[in-house]
Structures are given as C-alpha cells and as structure tokens.
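Got a structure for you, written out below as structure tokens; questions coming shortly.
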There are 2 protein chains.
Amino acid sequence: MLGIDCGSERTGYGVIESDGGDHRMLAAGVIRTNSKTSFELRLLEIASGLRRLILEHRPEAAAVEEVFYAVNVKTALKLAHVRGVALLTLAEASVAMAEYSALEVKTSVVGYGRAEKSQVQMMVQSLLRLPEMVASEDACDALAVAICHATREATSRRVGAVR
Amino acid sequence: MLGIDCGSERTGYGVIESDGGDHRMLAAGVIRTNSKTSFELRLLEIASGLRRLILEHRPEAAAVEEVFYAVNVKTALKLAHVRGVALLTLAEASVAMAEYSALEVKTSVVGYGRAEKSQVQMMVQSLLRLPEMVASEDACDALAVAICHATREATSRRVGAVR
C-alpha cells in the first residue's frame with residue numbers, strides 16, 4: 001500500500017504492508033524538488049520519483065489525500081497540478097487508487113478529525129511500531145493516508161464477509 | 001507551436017506554424033475523455049493524447065492558458081489536475097512552455113481582453129485564413145493561445161533586435 005502526500009516542493013510517500021489491523025512500514029520519505037527549476041520540471045521530478053517508487057515496491061493500491069482549498073486557492077491550485085501528475089503515474093501503472101479527506105485520515109488514524117499534526121505523528125509511530133517518530137511531516141502524512149486506506153479496505157472486506 | 005486548452009472532459013489543442021505575423025494551422029482538435037471512467041484514467045487518456053500529438057508534430061514550443069478560478073473553485077481544481085498532466089507531458093518531451101491568462105490571449109488575438117467567445121472564433125478564423133470558423137470552442141481556444149504565444153515571441157525577438 002502506497003500513501004502519497006502531494007506538494008510542489010515536497011511530496012511525501014509511505015509504503016506499508018498491512019492486513020488491515022497490523023501495519024508495517026516498508027519505506028517512507030520525501031521527493032524534494034529543486035526550487036530553482038520551473039514548475040513543469042518540478043512536476044517531472046515528482047513523476048520520476050513516484051514512478052521509481054512504484055517500480056520498486058509494486059504496490060497493489062495507493063491512497064492520496066484530497067485537495068483542501070479552504071486556506072489558499074493559489075496553493076490549492078498548485079497542489080492540484082502535482083496531484084494530477086501523481087494520479088497519472090498511478091493510472092499508468094494500473095495501481096488502484098483511493099482518495100481521502102484530511103478529516104477522514106485523522107479520524108481513521110487518531111480517532112479525531114481535528115487532530116494536531118503531532119498527534120498524527122505519534123499515532124503513526126505507534127501503529128507502525130517505530131522506534132521513533134517519523135521526522136518529516138510529509139512522509140508521516142503519506143503513511144497516515146496509507147494506514148487509513150488499509151484500515152478502511154479491511155473493514156469493508158469484513159463487512160462484505162458478514163453480509 | 002502547440003496551444004493547449006485544458007479540461008477534464010475536453011482538452012483542446014491547436015498546432016500552428018508561424019513567423020509571428022503570419023500563422024498557418026497544421027492541426028486542431030479535441031481530446032475527449034470517457035465520462036464513465038475514473039478521473040485518473042481520464043488523466044491518462046489526456047496524457048496519451050498529448051504525447052501522441054507531440055510525437056507527431058514535434059513542436060518547439062507550447063502555450064497553455066492559466067487556470068482561471070474566479071468562477072468555481074472545484075472546477076478550477078479539476079482543471080489544475082489536467083493542467084499538471086499537460087505540463088508534465090511538455091516537460092517530458094523538453095518542449096519549452098509559456099503560460100498566458102485568458103485576458104492576455106484575448107488582448108493578443110482580438111485586441112480586447114473581455115472579448116466574447118464568438119469574437120475569438122472569428123479572429124482565429126481570420127488570422128489563420130480558414131474557410132470557416134473552428135467549430136469547437138476548445139480547439140479554437142487552443143489555437144488562440146498558440147497564436148498569442150507566436151505573436152508575443154516574435155515581438156520580443158524584434159524588441160531584442162532593435163536594442
């Protein structure tokens with residue numbers, strides 16, 4: 001399961017293995033783009049980074065956070081460009097894709113939709129049984145959306161089985 | 001010169017040959033996506049369509065309209081996803097890219113920034129000496145942004161020569 005947290009300067013990623021209840025981190029990090037290059041070349045850097053990740057880990061599914069646009073429309077529009085590129089790389093590799101709002105991710109991971117960043121970091125550390133917190137907020141958010149999707153998928157499978 | 005008018009349902013394109021004053025249409029059309037498929041697959045259809053165009057016409061430059069978000073933020077965000085994919089395909093093929101606002105395009109092509117769609121269609125027909133109007137608004141807008149860029153580039157070259 002691959003989680004992606006899009007951003008034009010930093011795109012976080014997290015790869016986990018999960019049965020829905022038990023999660024294990026395989027990789028996490030940030031694709032940083034060169035702030036001195038043009039926006040389209042930054043999009044190319046992000047696409048290349050994601051393609052490399054997909055090739056290496058061959059995830060069967062991916063989860064991406066929805067664009068939150070209440071804060072700043074210009075920032076949201078930039079992010080949407082990056083998100084378009086991320087969705088394209090997933091579609092190219094036939095990776096099934098799910099989308100979650102920040103609220104859904106926090107509710108799933110922390111149990112509270114308005115949780116602070118630090119609470120998300122602590123829960124991600126705890127759920128993945130990591131020796132320490134994931135330092136990068138972007139990588140941590142990517143892991144959180146991956147955990148959210150893994151948990152949801154398992155729940156819907158269980159509900160399906162009960163029906 | 002390639003002009004692109006992004007949209008998740010219809011992405012218009014126009015390819016012209018130009019010395020900055022005299023323009024000739026080589027191709028124009030619309031990449032239509034299947035409304036029944038998921039958004040990420042539509043992005044893939046658009047990327048494939050643009051890549052095919054770039055391969056066929058090998059444009060040395062491309063012009064894309066900026067996202068206009070005054071109307072509807074949700075629509076603008078969707079468009080920004082498509083635009084991200086378009087910019088990526090240009091960066092992948094090392095096609096130089098320029099961006100113009102709708103105001104700049106209309107000012108350049110019609111001479112009036114608040115021109116109606118029909119005025120743009122008429123001017124595009126006239127400037128390209130076409131026997132009839134370009135029926136598709138999306139293809140016409142793509143041709144308009146290509147003409148705008150060709151004109152601007154020539155002007156800046158001339159200014160450079162005079163200096």
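Once the convex hull of the alpha carbons of chain A is built, what does its volume come to per residue, in cubic angstrom?
With only Cα atoms used, chain A gives 116 Å³ per residue.
Counting only Cα, what are the radius of gyration and maximum Cα-Cα distance Dmax of region B:113-163, in Å?
Both quantities, over Cα of region B:113-163: 13.1, 42 Å.
Going by Cα centres, region A:107-137 and region A:69-85 are how many Å apart?
The distance from the Cα centre of region A:107-137 to that of region A:69-85 comes to 24 Å.
Moving on. Take every DSSP beta bridge whose two residues both sit in region B:1-130, then give the antiparallel share in percent to the nearest 5.
On the way: 13 of 21 bridges.
The antiparallel proportion sits near 60 percent.
Hey, another quick one. Taking a label point 7 Å from Cα toward Cβ, how far is A:SER48 from its twins in the other copies, in nm, shortest first?
Copy-to-copy label distances at A:SER48, shortest first: 2.6 nm.
Once neighbouring chains are kept in place and the probe is 1.4 Å, which whole percent of the accessible area of region B:1-56 is contributed by carbon and sulfur? Mind showing how you got there, number by number?
Numbers: 1180 of 2610 Å².
With neighbouring chains kept in place, the figure for region B:1-56 is 45 percent.
Ok, one more. With unit charges on the beta carbons (Lys and Arg positive, Asp and Glu negative) and the dipole taken about the Cα centre of region A:39-163, which residue among A:VAL95, A:THR155, A:VAL109 sits farthest to the positive side?
A:THR155
Classify region B:64-116 from the C-alpha gyration tensor, please: rounded if a/c falls under 1.5, else prolate or oblate depending on whether a/b exceeds b/c.
Working: a/c = 4.16, a/b = 1.28, b/c = 3.25.
Oblate shape, in that a/c is at least 1.5 and b/c is the bigger or equal ratio.
Just want to confirm a number: the relative contact order over chain A, from Cα pairs under 8 angstrom separated by 6+ residues, in percent.
About 34 percent, as a whole number.
With 20 Å as the limit, write out which pairs from A:LYS74/A:LYS117; A:LYS36/A:LYS78; A:LYS74/B:LYS78; A:LYS117/B:LYS74; B:LYS36/B:LYS78 have Cα-Cα distances beyond it, or answer none.
Working: A:LYS74/A:LYS117 23 Å; A:LYS36/A:LYS78 16 Å; A:LYS74/B:LYS78 14 Å; A:LYS117/B:LYS74 26 Å; B:LYS36/B:LYS78 16 Å.
Too far apart for the 20 Å limit: A:LYS74/A:LYS117; A:LYS117/B:LYS74.
Which value, in debye to the nearest 20, gives the size of the charge dipole of region B:16-147 about its Cα centre, when Lys and Arg are +1 and Asp and Glu are -1 at the Cβ?
Details: 14 positive and 17 negative charges, 94 e Å.
Approximately 460 debye in magnitude.
Another one. If packing is taken as the average count of other Cβ atoms within 10 Å, what order do B:140-150, B:27-37, A:2-12 fall into, highest mean first? Intermediate values should be presented prior to the final figure.
Values: B:140-150: 28.3, B:27-37: 15.6, A:2-12: 24.1.
Ranked by mean Cβ neighbours within 10 Å, highest first: B:140-150, A:2-12, B:27-37.
Right, next: Rounded to the nearest whole Å², what accessible area per residue is found for region A:1-144 with the 1.4 Å probe? Show your work: numbers first, answer last.
On the way: 6870 Å² over 144 residues.
Result: 48 Å² per residue.
Given contacts defined as C-alpha pairs under 8 Å and at least six residues apart, what's the relative contact order of region B:46-114, whole-number percent? Provide the component values of the computation, followed by the final result.
Details: 60 pairs, mean separation 27.1, N = 69.
Relative contact order here is 39 percent.
Please compute one quarter of the surface area of the Cα convex hull for the protein assembly as shown and express it in square nanometres. Present the calculation step by step, with values, prior to reporting the outcome.
Details: hull surface 76.6 nm².
About 19.1 nm², averaged over all directions.
How large is the charge dipole for the protein assembly as shown, taken about the Cα centre, if only the Cβ atoms of Lys, Arg (+1) and Asp, Glu (-1) carry charge, to the nearest 20 debye?
Value, rounded to 20: 180 debye.
Follow-up. Taking a ≥ b ≥ c as the square roots of the eigenvalues of the Cα gyration tensor of region B:30-119, is the shape rounded (a/c under 1.5), prolate (a/b larger than b/c) or oblate? Don't skip to the answer; put the middle values down first.
Numbers: a/c = 1.98, a/b = 1.24, b/c = 1.60.
Because a/c hits 1.5 or more and a/b fails to exceed b/c, region B:30-119 counts as oblate.
Within 10 Å of each candidate Cβ there may be at most 13 other Cβ atoms; applying that plus a DSSP loop requirement, which chymotrypsin sites (Phe, Trp or Tyr not before Pro) in region B:68-129 survive?
Values: sites: B:PHE68, B:TYR69, B:TYR100, B:TYR112; in loops: B:PHE68, B:TYR69, B:TYR112.
Taking region B:68-129 and a limit of 13 other Cβ atoms within 10 Å, the loop chymotrypsin sites (Phe, Trp or Tyr not before Pro) found are B:PHE68, B:TYR112.
Could you tally the net charge around A:ARG24, taking each other residue with its Cβ under 12 Å from the Cβ of A:ARG24, Lys/Arg +1 and Asp/Glu -1?
Numbers: positive: A:ARG129; negative: A:GLU17, A:ASP19, A:ASP22.
That works out to -2.
I need the phi-derived Karplus couplings for region B:12-18: 6.51 cos²θ - 1.76 cosθ + 1.60, θ = phi - 60°, integer Hz, Gly and Pro marked x.
x, 9, x, 10, 10, 10, 7
Could you report the buried accessible area between A and B, both sides summed, computed with a 1.4 Å probe and given in Å² to the nearest 100? Walk me through the numbers before you get to the answer.
Working: alone 9070 and 9090 Å², together 16160 Å².
Between A and B, the summed buried area is about 2000 Å².
Just which residues of region A:21-60 lose 20 Å² or more accessible area with every protein chain there, against their chain alone, with the probe set to 1.4 Å?
Residues passing the criterion (a loss of at least 20 Å², heavy atoms only) are A:GLU40, A:LEU43, A:LEU44, A:ARG51.
Further question on the same structure: Using Cα pairs under 8 angstrom and six or more residues apart, how large is the relative contact order of region B:1-76, in percent? Write down the numbers at each step before the final one.
Values: 98 pairs, mean separation 24.4, N = 76.
Computed over region B:1-76, the figure is 32 percent.
Among A:ALA91, A:ALA47, A:ALA80, which one shows the biggest mean-square fluctuation in a GNM of chain A, springs joining Cα atoms closer than 10 Å?
Largest GNM mean-square fluctuation: A:ALA91.
The values are calculated or read from the model by the stated rules, or taken from the named source; none is laboratory data. Values in this document were obtained by computation on a predicted structure and should not be read as measured data. For neighbour counting, all protein chains shown are included, and Cβ atoms are generated from backbone atoms with ideal geometry for every residue, glycine included. The protein model used for the area step is the full one, side chains on, heavy atoms only, and it has no ligands, DNA or RNA in it. Shrake-Rupley method; radii C 1.70, N 1.55, O 1.52, S 1.80 Å.
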